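First up is the structure itself, then whatever we jot down about it.
The values are calculated or read from the model by the stated rules, or taken from the named source; none is laboratory data. What you see is a predicted model; the values in this text were computed from it and never measured. Neighbour counts are summed over all protein chains in view; Cβ atoms, including those assigned to glycine, are modelled from backbone coordinates with ideal geometry.
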Amino acid sequence: MRIHFGNIPQIADAQPEVEGLHPIRGPRASVAYLLAGLAGFLLLCGPVMGLCVVSSYFALPSAGTAPSVDPPAPWGAILLTLLLYVPAHELLHAICQPDHGLSNRSNLVIWTRKLQFGVYYEGCMSRRAGC
């Protein structure tokens with residue numbers, strides 16, 4: 001797997017029509033962004049809420065002390081979850097690529113200027129083994 005910093009580079013010799021590939025129909029861009037945003041929000045809330053519940057269990061006072069009105073927010077744990085969640089999410093995408101993301105054609109993109117991360121594969125990814 002290669003690591004690329006910045007925007008995804010254009011593939012110069014890509015000719016999908018010549019290779020017999022067909023575009024996939026999908027929803028409009030606005031609908032796709034809305035669905036992706038909702039799915040990402042829900043998938044992110046689950047681990048963060050679970051971590052908050054687990055960490056708040058350890059923040060409960062013992063029997064001899066008076067309970068606090070405002071439980072401490074585990075901001076360090078939340079930040080750590082966010083920092084680990086994004087790479088884990090992208091690695092799950094990479095596992096679905098040929099050679100499980102270990103090929104030289106697999107790329108991890110880190111675009112720090114826009115705080116975007118992603119993986120892509122420079123080649124044919126078909127359901128059939130003919131590519």
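Looking at Val31, Val53, Val18, just one residue is at pLDDT below 75 and surrounded by fewer than 11 Cβ atoms within 10 Å (Cβ to Cβ), and that residue is Val18. Can you list residue pairs whose Cβ atoms sit under 8 Å apart, with the first residue in region 95-106 being in contact (Cβ under 8 Å) with a residue 40 or more places away in the chain and surrounded by fewer than 12 Cβ atoms within 10 Å (Cβ to Cβ) and the second being among the basic types (Lys, Arg) and in a strand (DSSP E or B)? Count only pairs 6 or more apart in sequence or on different chains. So the pair list comes out as Asn104/Arg2. Condition check: modelled with pLDDT of 80 or more and surrounded by 11 or more Cβ atoms within 10 Å (Cβ to Cβ). Does Ala59 satisfy that? No, not satisfied.
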